[in-house]
Amino acid sequence: MKKWKKEIIINAPIEYAWPFFYGDLEKKKKIFPKVVEEEILNRTEQVIGTTIWQTYQNGSYTEQYELTIKKYTDEKTYKVLQENFILNDRFRMTTEYELESQGEHLTKFIYTSINKPKNPLLSVFQLFGSDEVIVTFMNRTKDTIEAAYATEGTE
């Protein structure tokens, strides 16, 4: 099992940043450019337990995953979305997007990713994994949300 946890400050209010993670597919595609489509298979009233069929375009290869929302909080100053899915039929993935208001125009974004191989032999390869993909994702997310906020203003 490999776990990464990173945080970064986004220069935008929490309510502006949140739809990039949950609720607005067009905004979500801006920080997850490989997401092509999402279809809700089963929506629960409390959101936790909701299942979503997500389609990714990875080069010429299209991948589809069934995501399950395991944790969900949508409060004024604190928001969390945790999803579980199986990647390439090899890894059990848990991703968590946590937003904490740091004032009127700042949001702390904490990203946690856990990938657990279905085959224990794959664990050996994870020993050599770097956090480069995570850091790139965090910086792209920050830049995308801040640029959108700067051009759209304080809607």
> Within segment 133-152, which residues are over 16 Å from the mean Cα position of the chain (by Cα) and at pLDDT below 90?
Replying inline: E152
>> For a quick check of your reading: which strands (runs of 3 or more DSSP E) sit entirely within segment 14-102 and have at least 3 residues that are surrounded by 13 or more Cβ atoms within 10 Å (Cβ to Cβ) and either within 11 Å of the chain's Cα centre (by Cα) or aliphatic (A, V, I, L, M) (or both)?
In response: 78-87, 91-101
> Mind checking whether some residue in segment 30-43 is touching a residue at least 60 places away in the same chain (Cβ under 8 Å) and farther than 24 Å from E132 by Cα?
Replying inline: no
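The values are calculated or read from the model by the stated rules, or taken from the named source; none is laboratory data. Remember, it's a predicted structure, so these values are computed and weren't measured experimentally. Because the Cβ atoms are built from the backbone with ideal geometry, glycine has one as well, and the counts that use them run over all protein chains shown.
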